[in-house]
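Notes to accompany the following structure.
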Amino acid sequence: MGDIAVCKAVGKNDKETYPANPDLPWSGGPAFPGHSAFPTPQDLCETPIDREGQPIGNPLRARAVPNIQPAWDCGARTGACRTNEGQIVLTNGRQPAGRKGAPEAPGKLDTDAEPLAMMVGEGLRLQVVNAATSRYFRLRLTDQNGTDLPLYRVGGEGGLLNRVRLEGGLQQGLETKFGFGEIVLAPSDRSDFVLVVPTARAGDVLTLWSEDYSRTGRGFANLPSVPVLHIRVTGRLARDERFKIRRGQALLVDPRVDQRTETLRGLPKQKLLNPAKLAAPRPGSGKWVMRFTQSPGPSIDNVRGAFDGGNPGGFMALPHIASSRFARVGDLLSLKVTNSTFAHHPFHLHGFSFQPIRMMQGEETLYRYRYREFVDTVDIHPGHSLVYRVRLDDRTLADGTSLGGAIGRWVFHCHIFSHAGLGKISELVVLPKDSDELTWDPAVLQNGICRAPRQPDDWKLAGTSDYDDSGAADVLWRKNASSADKVWRVKDFTRDDHSYSQAR
């Protein structure tokens, strides 16, 4: 699921993303107030920017899709940073047909609708990913009469859950701000959930809606409720054929499967490294608490990060920053992310799935994650903190054999696209167990991607050479200083070819 803005002819672009309309359904109140904040479709299409956030100069033609990602220095340069939800919500790349009324009082379906045919008693498993850059999808299923039907969560970013759960409402002490049995997906979130067609008449239509979610510093984002999927009832299954699912039902812990997800709770843990005490001291922090901050601008620990290219040596040659964290391959870390701003921010870590432990507000634990799940993203409410555990398991390199794939610089950031691009981003640097340096040399980088595999045991980097006259340098390793020794090389690291061969 995603959203998009599409340009109209010059002079015809909308001056508001959504005009105020009391007849539009809106979860924030009885009358939809509209969405007119900068940038509007007129701003995006008639004073457009390129992918780096720089002004293009000429307006876009009709049917063009504008860029929204602002430049890193946009606030200082223009006073405003462009990003916005798109006007059109997409499901599998298509705009779903509309429906009159509202989720609690559905009306007539548009004539171009193509509902999915299902029978009473059938179950449907949906795998949904939020591919939008800033929009939150709050999914709510209602039947022909506007009655809410539960969405049973069965999986997500780390595969199936041990047991079925229902989300939303008041969960322990955490007010989720969405209804019990609904699903909320922040940008990049993934969810597997199941819906069941209850008692209904043939011809009835169930609709899965996306509603506004109170996640900005001002509350709701002012987005109308829109359909994302329609289901038409075509008949009914016999009672003994009907699909059954319930909250708490065993999935992976069913004795017929017995593949329950492991837990990282209670295992011995290591601390982050102090970068000032490494063999080659470098910028960074050894604190286990990382904070989403808003001064000076979008930031982590009040440090604005920038890890996009622009450096001749590529990403690996970029300097570390004061919010960088350091650890070693194999470490199991307990870390905390605090949202010190007034808006929601989805925390995302590259390279390693992590296990949520608890959600806190100040020093109070509001919610303990009593289920086992590995995730890549967790939405953090304003003033709340997520405590999680992550194990920095090693993995092979592209050759499928050599270990060392965990070593590197792994960014963590807010997954609202513009927030990360504007500075709410930092890095977790994973070092080898027995070294304070990465196992590759920045000199072997190409286009910002490190193509050098792990150094063979007891061999040392001998440099690079265009061994086969291919026009691309090969990475050379030498057993010792003797020129008579054979040299191992990696063929053409500009391609995904990491195999070793002997060069005489």
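The values are calculated or read from the model by the stated rules, or taken from the named source; none is laboratory data. Predicted model, so just to flag it, every value in this text is computed and none were measured. We place every Cβ from the backbone using ideal geometry, glycine too, and count neighbours over all the protein chains shown. Heavy atoms of the whole protein, side chains included, go into the accessibility calculation; ligands, DNA and RNA do not. Shrake-Rupley method; radii C 1.70, N 1.55, O 1.52, S 1.80 Å.
Things to note:
- Trypsin sites (Lys or Arg not before Pro) within the range 1-104: DSSP coil, no more than 16 neighbouring Cβ in 10 Å: K12, K15, R51, R61, R63
- Per-q log10 I(q)/I(0), the range 262-332, q = 0.12, 0.13, 0.16 Å⁻¹ (Debye; single scatterer per alpha-carbon; no solvent): -0.44, -0.51, -0.73
- Cα-derived Rg over Rh, computed across the range 304-393 with Rh taken as Kirkwood radius: 1.02
- Computed E for V253/D393 - FRET, C-beta separation, R0 25 angstrom, nearest 0.05: 0.65
- Exposure here means at most 14 other Cβ atoms within 10 Å; with GluC sites (Glu not before Pro) in a DSSP loop as sites, the longest stretch of the chain lacking them is 53-261.
- Separation between Cα centres of the range 380-437 and the range 329-371, rounded to whole Å: 14 Å
- Pairs of alpha carbons in the chain whose separation is greater than 43 Å (percent): 27 percent
- Neighbour net charge for G181 - beta-carbon separation under 9 angstrom, K R +1, D E -1: -2
- For the range 378-431, trypsin sites (Lys or Arg not before Pro) meeting the loop criterion (DSSP other than H, G, I, E, B) and having at most 16 other Cβ atoms within 10 Å: R395.
- Relative contact order for the chain, counting Cα pairs under 8 Å that sit 6 or more residues apart, in percent: 12 percent
- In this structure the amide hydrogen of T133, modeled in the peptide plane, comes within under 5 Å of the amide hydrogens of D3, none closer than 5 places in sequence on its chain.
- Normalised convex hull volume, the range 325-450, alpha-carbon set, Å³ per residue: 129 Å³
- Whole-Hz Karplus values for the range 30-42 come out as x, 10, 5, x, x, 9, 10, 5, 5, x, 7, x, 5 Hz, taken residue by residue from phi with 6.51 cos²θ - 1.76 cosθ + 1.60 and θ = phi - 60°; glycine and proline positions read x.
- The sum of -39500 (n - 2.57) across all DSSP H runs of n ≥ 4, divided by the residue count of the chain, sets its helix-only mean residue ellipticity at 222 nm to -500 deg cm²/dmol.
- Backbone geometry of the range 416-432 corresponds, through the Karplus equation with coefficients 6.51, -1.76 and 1.60 at θ = phi - 60°, to 3J(HN,Hα) couplings of 6, 3, 6, 4, 5, x, 8, x, 7, 7, 8, 8, 10, 8, 9, 9, x Hz, x marking Gly and Pro.
- The accessible surface of the chain, taken with every protein chain in place and a 1.4 Å probe, is 50 percent carbon and sulfur.
- Net +/- balance of residues flanking W288 in space, Cβ distance below 9 Å, scoring K and R +1, D and E -1: +4
- Gain upon complete extension [R246, E16; 0.36 nm per residue less C-alpha separation]: 78.4 nm
- Taking amide hydrogens as placed 1.01 Å from N in the peptide plane, the amide H of R358 sits under 5 Å from those of Y369, V387, each at least 5 positions away in sequence or on another chain.
- Remark: C-alpha extents of the range 25-182 on the principal axes read 57, 42, 32 Å, sorted largest to smallest.
- Looking at the range 186-264, the trypsin sites (Lys or Arg not before Pro) that sit in a DSSP loop and have at most 12 other Cβ atoms within 10 Å of their own Cβ are R201, R218, K244, R246, R247, R256.
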